[in-house]
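These notes concern the structure reproduced below.
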Amino acid sequence: MIAESMYQELILEHYKHPQGRGLREPYDAEVHHVNPTCGDEITLRVKVESGKVADVSYEGQGCSISQAAASVLHELAAGSTVVDSLAVVDEFTRLMQGRGTVQADEEVLGDAVAFAGVAKFPARVKCALLAWMAYKDAVVRSS
Amino acid sequence: MDGLDVERIRKDFPVLSRELPGGRPLIYLDSGNSSQKPVQVIEAMRDHLSMHYSNVGRAHHALGAESTEAYENARDKIAAFIGAPSRDEVIFTKNASEAINLVAYAFGNPLNTDERFRLGPGDEIVITEMEHHSNIVPWQFAAQRSGATLRWFGVTDEGRLDLSNLDELVNERTKVVAFAHQSNVLGTVNSISPILARARQVGALVLLDSSQAVPHKPVDVAELGVDFIAFTGHKMVGPSGIGVLWGKAELLDAMPPFLGGGEMIEAVWMDRSTFAPAPHKFEAGTPPIVEAIGLGVAVDYLTDVGMPAIKEWEHQLTGYALQALSEISGLRVIGPRSVVSRGGTVSFTLKTPGGFDIHPHDVGQILDDVFGIAVRVGHHCARPLHLRFGIPATTRASLYLYNTTDEIDALVRGLHHVQKVFG
């Protein structure tokens, strides 16, 4: 019954009702990331205005984990500052790569803490990280 | 159901009685990916490694003789299993991919003066849209090397080869036609005779990728009438690391060696070499000795159970599975929905009753972690076929001689549960 704990209600909710989905104008950078082992992919755009993330828009296909992670990322990053959002990315990455032994900082992660169970499934960690790595890449390119 | 004592067979496969963590029983529905191994194969390989192992062909001592005899004996068994007119037509490779690469490499090869293998601009290679990547990429390479054109048969909505343009597609420019004996995704058993007849008319050679056929039904190469077949050991209760290319002797004689190295030569000078006759011409280096011996025993095992009985059992299981899966609303089988000209590979997509697509990776994850059901998810090394159907991936259950209707029932229960999680 371990997988059930991975499919948290919050993850399924974001999967079925993705937040901020769709590619929007204007944007400063657009990236396309794929996970070749499973074919999941995402195209992601960021718009930054004087240190603030004005918008994160995306389009992608893949499993519930990869798609829900993109939706949660949108919620956390859009409207935040670049610096704060990158701190969340770092904490999320630390959680995902912790093989289930890392205690997540809920203060920093907010809803993204629901992905803690995914860290126990090495094959699925890349799914959760796909959008977040794309976001980090896009932010770097936007500056 | 009768004809095959599945409970007795299951006892031969130790892994089928193991428990997965959390006390889950194992329900193995992934034999199209790789099959499990009976104790007979495991013991024979252990025995050879323990008591008889040495190199083959070149070790002139007692163990060398025993090892060589066992290795060559495996070749005899495989030749008999597929009805090869000569044992020298059976070439051991690493897998089916290597076997197909070996044949593709002979085309347009400047070392090859035989007209039938000449390949250049204006010539054509024909494959199909339902191929495994192993029967696509080697031919892409051959086309790129030679300037020849790669063409392919399409696939119908039902998952059959579209032969409506056969006479145009296979024409005087065609040098080789390579296609799957049975699809590893759709389960479709392809009709060989019309393609073969047309290939003969235009003088093209024919290769069958029989990786999904040889494990599941009687295959007789003389009866098939094609020029080459490729298959692999690990899908037919044998070990991984051993595959087979069968080819007509006179074609193998006309082909250049593939890999250069030990054992494939007749004589070597510093500036040139002459080569051993087939099969050794194509078996450079120390071969997978114990794996070949294991495959020989796998063939004994399948023969003892009886290939006609295996085919019949899988036919019944497939009918049962198609019926049971068709009762799940939101499940769409990708491939023929009837058992006619069809094997026990069933791929599908799944929606919730509310019409929401459930990604195959999520389906596979829950089936595995909650029920111990092993299926394959993804594009199954047949990406172009999935693109053809406009889907990124499918869930695939593939059946073999040791599977039961109870396991199919468990799959159905598992899929209902998956729908509940995502509903």
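Every number here is computed from the coordinates shown, using simple stated rules; none is lab data. A quick note: this is a predicted structure, and the numbers were derived from the prediction, not measured. Neighbour counts run over all protein chains shown; Cβ positions are idealised from the backbone, glycine included.
A few remarks follow.
- Relative intensity, log₁₀ I(q)/I(0), of the protein assembly as shown from a Debye sum that treats every alpha carbon as a point, q = 0.05, 0.07, 0.08, 0.11 Å⁻¹: -0.26, -0.50, -0.64, -1.07
- Note that region B:338-353 has calculated 3J(HN,Hα) couplings of 10, 7, 5, 6, 8, x, x, 10, 10, 9, 7, 10, 9, 10, 6, x Hz, one per residue in order, obtained from phi through the Karplus relation 6.51 cos²θ - 1.76 cosθ + 1.60 (θ = phi - 60°); glycine and proline are x.
- For region B:322-392, the mean projected area of the C-alpha convex hull, equal to one quarter of the hull surface, is 5.3 nm².
- Hydrodynamic analysis of region B:42-304 uses the Kirkwood radius over alpha carbon pairs. Inserted into Stokes-Einstein at 20 °C and 1.002 mPa s, it gives a translational diffusion coefficient of 113 µm²/s.
- Reachable lysines, given that their alpha-carbon falls under 23 Å from the alpha-carbon of B:K235 and they are not under 8 places away in the same chain: B:K11, B:K37, B:K77, B:K94, B:K217, B:K311
- A straight line joining the Cα centroids of region B:154-233 and region A:18-64 runs 43 Å.
- Counting only residues at least eight positions apart within a chain, or on another chain, the lysines with an alpha carbon under 29 Å from that of A:K120 are A:K16, A:K136, B:K351, B:K420.
- Contact order relative to length of region A:1-142, as percent, for alpha carbon pairs under 8 angstrom and 6 or more apart: 29 percent
- Cα Rg, Dmax, region A:1-142, angstrom units: 13.9, 47
- All Cα-Cα distances of region B:204-257, cut into 10 Å bins from zero to the largest, leave 23, 50, 26, 1 percent in each bin in turn.
- Chain B, relative contact order [Cα under 8 Å, separation at least 6], %: 22 percent
- Gyration tensor (alpha-carbon) shape descriptor, region A:55-117, a/c threshold 1.5: oblate
- Computed helical MRE - 222 nm, the protein assembly as shown, DSSP H runs ≥ 4 contributing -39500 (n - 2.57), nearest 500: -12000 deg cm²/dmol
- For region B:369-423, a/c is not less than 1.5, where a ≥ b ≥ c are the root eigenvalues of the C-alpha gyration tensor, and a/b does not top b/c. That puts it in the oblate class.
- Gaussian network model of chain B, Cα within-10 Å springs - most flexible of B:M45, B:M236, B:M270: B:M270
- Relative contact order [Cα under 8 Å, 6+ residues apart], region B:267-394, whole percent: 13 percent
- Shielding of peptide B:373-379 by partners, expressed as the average count of other chain Cβ atoms within 10 Å per residue Cβ, is 1.
- When each of the peptides A:73-83, B:376-386, B:205-215 is scored by how many other beta carbons lie within 10 Å of its residues on average, the order from highest to lowest is B:205-215, B:376-386, A:73-83.
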